[in-house]
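**Q** Quick one: the structure is below, and I'll ask about it shortly.
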Amino acid sequence: MRGCHWIGLEDHSIKMSEYEIQMLVNLYHQFKKVSDSVRNWKTKPSDNENLALYSLYKQAMFGDVNISEPSGIVEKAKWNAWTGRKGISKDDAKKQYIEMAEKLHSKYA
């Protein structure tokens, strides 16, 4: 079928149009650009904002939590924040991360 492609994702294959593929590529590049800029902000966000960004980043990159609950205080806070994103798709997490980072940019960049 012209204009459509089969994409293999893990154990599933899905049919996507060239437009849908381009939208995913654009989302990935925007996410990468924004996440790189967050690392270079002049001021660190508040702990709650930082945990929110961290948890969205982890969900966007890895999906649902895939590690055991750690014992350290900081590590456990990060794990709990990420666990709170359970069920959010990687693409939706990327969109939420971008939206949050753009809101915080003027405050911390």
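Where a number appears in this text, it was derived from the coordinates with a stated rule and is not lab data. Because the structure is predicted, anything quoted here is derived from the model rather than measured.
**Q** Applying the Karplus parametrisation 6.51 cos²θ - 1.76 cosθ + 1.60 with θ = phi - 60° to the phi angles of the stretch 98-109, what ³J(HN,Hα) value in whole Hz is obtained for each residue in order, glycine and proline being reported as x?
**A** Rounded to whole hertz, the list is 4, 4, 5, 4, 5, 5, 8, 3, 5, 7, 10, 6.
**Q** Continuing with this model, one more query. Output the pairs from 44/95; 15/78; 15/103 with a Cα-Cα distance over 29 Å in this structure; if there are none, say none.
**A** Numbers: 44/95 21 Å; 15/78 35 Å; 15/103 34 Å.
Where the Cα-Cα span goes over 29 Å, the pairs concerned are 15/78; 15/103.
**Q** Using Cα-Cα distances under 8 Å and only pairs 6 or more residues apart, what relative contact order does the stretch 56-109 have, in percent? Working shown, then result.
**A** Numbers: 45 pairs, mean separation 25.6, N = 54.
Taking the mean separation of contacting Cα pairs over the length of the stretch 56-109, I get 47 percent.
**Q** Still on this structure: Where a ≥ b ≥ c are the square roots of the eigenvalues of the C-alpha gyration tensor, would you call the stretch 40-104 rounded, which needs a/c under 1.5, or, failing that, prolate if a/b is larger than b/c, or oblate? Numbers along the way, then the final one.
**A** Details: a/c = 2.50, a/b = 1.16, b/c = 2.17.
Because a/c hits 1.5 or more and a/b fails to exceed b/c, the stretch 40-104 counts as oblate.
**Q** Now for a different question. Counting each DSSP H run of 4 or more residues in the chain as -39500 (n - 2.57), what helix-only mean residue ellipticity at 222 nm follows after dividing by all residues, to the nearest 500 deg cm²/dmol? Walk me through the intermediate numbers first.
**A** Details: 4 runs with 67 residues, N = 109.
Calculated from helices alone, the mean residue ellipticity at 222 nm is -20500 deg cm²/dmol.
**Q** Kirkwood hydrodynamic radius, the chain, all distinct C-alpha pairs: what's the number in Å? Display every interim value, and only then the final one.
**A** Working: mean 1/r = 0.0650 Å⁻¹.
15.4 Å is the Kirkwood radius here.
**Q** ³J(HN,Hα) across the stretch 30-47 via Karplus (A = 6.51, B = -1.76, C = 1.60, θ = phi - 60°), whole Hz, x for Gly/Pro?
**A** The phi angles translate into 5, 4, 4, 4, 5, 5, 5, 5, 4, 5, 9, 4, 5, 10, 6, x, 4, 4 Hz.
**Q** On full extension of the chain, what length is gained from residue 46 through residue 20, given 0.36 nm per residue of separation minus the C-alpha to C-alpha distance? Kindly include the intermediate steps, with their values, before the conclusion.
**A** Numbers: separation 26, 0.36 × 26 = 9.36 nm, distance 3.57 nm.
Computed gain between residue 46 and residue 20 is 5.8 nm.
**Q** Any idea what the relative contact order of the chain is, in percent, if you count C-alpha pairs under 8 Å spaced at least 6 apart? Mind dumping the intermediate values first?
**A** Numbers: 110 pairs, mean separation 33.4, N = 109.
Normalised by residue count, the contact order of the chain is 31 percent.
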